Amino acid sequence: MGTTGLPSWVSEFEVITSDENEKSKSTDFEKLLDTVKEKQFTEGEVFKGRVIALNDDFVTVDIGYKQEGLVFTKEFRNYDGTLKIAVGDDVEVYLERLESNLGNLVLSRDKAEIIKAWDKISEACEKGEPVEGTVIQKVKGGLSVDIGVKAFLPGSQIDIRPTKNLDKFLGKTMHFKVIKFNKKRGNIVLSRRAILQEERGKLRGETLDQIKEGMVVKGIVKNITDYGAFIDLGGVDGLLHITDMSWGRVKHPNTLLNIGDEIDVKILKYDNEKERVSLGLKQVQPNPWEEAPAKYQPGSRVSGEIVSIKDYGIFVELADGIEGLIHVSEMSWNPQKSKMPGKNYNVGDKIEAVVLEVDVENKRISLGLKQLQPNPWTSIESKYKIGQTVKGKIKSIVDFGLFVDLNEEVDALIHISDISWTRKNINLNEEFKMDQAVSAKVLTVDSENQKFSLGMKQLEEDPWKKIEERLPVGSQVEGEVVRVTDFGAFVELETGIEGLIHISELSEERVEKTTDVVKKGDVVKSVVISIDKDAKKIALSMKATAGGDYKFTKDDVKSATLADKFKGINVSGSND
């Protein structure tokens, strides 16, 4: 073994002993030499040595000690895994410790490099100067960088923007700032982000001086949010709102952009005081609405994809940035089939429609589905005449009436007011059932306004039509009190036909309360004093009868009952 690491006088002493007729070294001298050598190999120092063997795990290095030292092979690998040493190469290593039980030296090439480069790194750190290094491998939490020694680059310090793809940095030589070091532990932490931020600060002033509204500039997507994306224009971030990304509908910004994308954007607004920049991406593309009038002529057929469904209609994307609305009233000739479009259509469905109207100023296109089918109103108007009696089945029951199926494309409506001449507050769901057969008369067939109405009460004569013949003014009538109010009592004269005895007409004497004279259920005699057929009102008077005291209950009635008297007459009225 050589004497690397020993003081010069040891070598000189060996020469002197060899000049004395090359006498053999005495046992005492050998012991002395070994003692000197051992004392010179202290932990924490750097020694020169030579590689004498290597394998996948360790490199064996001779530093002149009585035993070789071991260094982890990984400390001699390039970032791609290849070895950068060979047997016979001279290296500098750091003596970490001597394992007394095995007599081996534990060496470190990395720590030797750190100590060697420490002065240079320390100076750069103190002056804030960058150091150059090459990324050699990925490690837990970041990257390992060779700056003459291995240093750690945390993931958070790699770039200004968060980055997930660390592989793209492997093998690249870049500049870094030393943000932390520990000489004792040989620990160095770098930051590339600090370098980029300094460069960004310099660019910021230049960029702000050049920015003008209306300019088209290049930028890099820095961050993506639900409402838009932030674009790096060169030291300055601009906001690209989701509404300015495309002329069409954008579900989320990440469907159009990715972090790191380089895009052309237009400066829409620049606030110099707040240094805020609003950007537009769609503004650098042709506006599709400029060609809409020529491309979408009223009456032409178009096809597209359903992008949204509302209670009032369906939005169809005809082209990128062009949407049309199919209103529920334009879905079917039968209004009942147009209700709740979400049950019949789904987002993503392909659909065909007819262009009805194009409004470029408000960016609206009205579409129709029913126009793809023949208009049934043309045949209905000629087929059904006013007053004609028809038969059909109840198709649906709603609050305001009954829809009747006459085996036509559209259903006819019997409004609740056309069910009975006299009955009020009819509960349609209790009196009618789905698919129940009904007869009615045709009241209206209006193809222009798409109204087809029927009436059930019109099958019978209006009882108010000849009311004056049955109940002439001056005639004496009798009936049951059905309602009592503060201002008088209502008396049923015929089924559904009522007359009012005002409180002033109850008696010759002054009446304070109606119930002082009559109560509900009483059967009274009165005189018809007036009839208003249009308002369906009949005025009665009890005091006009002889004596004014004709009042009795139903149990006292000996003559024919009111029901027998007016049997078969289906009439009603209201004095409200």
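In summary, strands (runs of 3 or more DSSP E) completely within segment 356-426 and bearing 2 or more residues that are hydrophobic (A, V, I, L, M, F, W, C) and in contact with a Ser or Thr (Cβ under 9 Å, 6 or more places away or on another chain) occur at 401-405, 412-415.
In this structure, does GLY81 turn out to be outside the structural domain of GLY260 (by TED's automatic domain parsing), at pLDDT 85 or above, on the phi > 0 side of the Ramachandran plot and of a type outside the set (S, T, N, Q)? No; evaluated as a whole, the condition is false for this residue. Only residues that are in contact with a strand residue (DSSP E or B) (Cβ under 9 Å, 6 or more places away or on another chain), in a loop (DSSP other than H, G, I, E, B) and surrounded by 13 or more Cβ atoms within 10 Å (Cβ to Cβ) were counted in segment 449-477, giving 4.
Yes/no matrix, rows are residues, columns are (1) within 30 Å of ALA117 (Cβ to Cβ); (2) modelled with pLDDT of 90 or more; (3) hydrophobic (A, V, I, L, M, F, W, C); (4) not assigned by TED's automatic domain parsing to the domain that holds GLU92:
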| residue | (1), (2), (3), (4) |
| --- | --- |
| GLY2 | yes, no, no, yes |
| LYS31 | no, no, no, no |
| GLU43 | yes, no, no, no |
| VAL46 | yes, no, yes, no |
| VAL51 | yes, yes, yes, no |
| ASN55 | yes, yes, no, no |
| GLN67 | yes, no, no, no |
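When segment 393-424 is filtered for residues that are touching a strand residue (DSSP E or B) at 6+ places or on another chain (Cβ under 9 Å), over 16 Å from GLU460 (Cβ atoms) and acidic (Asp, Glu), the ones remaining, listed by number, are ASP405, GLU408, ASP411. Cβ separations smaller than 7 Å between residues 6+ apart or across chains give the following pairs from segment 53-81 residues that are under 23 Å from ASP146 (Cα atoms) to residues that are small (Gly, Ala, Ser) and surrounded by 15 or more Cβ atoms within 10 Å (Cβ to Cβ): VAL61/GLY49; VAL61/GLY69; VAL71/SER108; GLU75/SER108. Consider segment 90-115 and keep the residues that are over 12 Å from ILE63 (Cα atoms), in contact with a strand residue (DSSP E or B) (Cβ under 7 Å, 6 or more places away or on another chain) and acidic (Asp, Glu). The one that is modelled with the lowest pLDDT is GLU99.
Reported count of residues in segment 135-165, each being surrounded by 15 or more Cβ atoms within 10 Å (Cβ to Cβ), touching a Lys or Arg at 6+ places or on another chain (Cβ under 8 Å) and outside any loop (DSSP other than H, G, I, E, B), is 5. Does THR444 satisfy the criteria of being assigned to a helix (DSSP H, G or I) and farther than 30 Å from GLU323 by Cα? So THR444 fails the test.
The values are calculated or read from the model by the stated rules, or taken from the named source; none is laboratory data. A quick note: this is a predicted structure, and the numbers were derived from the prediction, not measured. Positions of Cβ are backbone-derived with ideal geometry, glycine not excepted, and every protein chain shown enters the neighbour counts.
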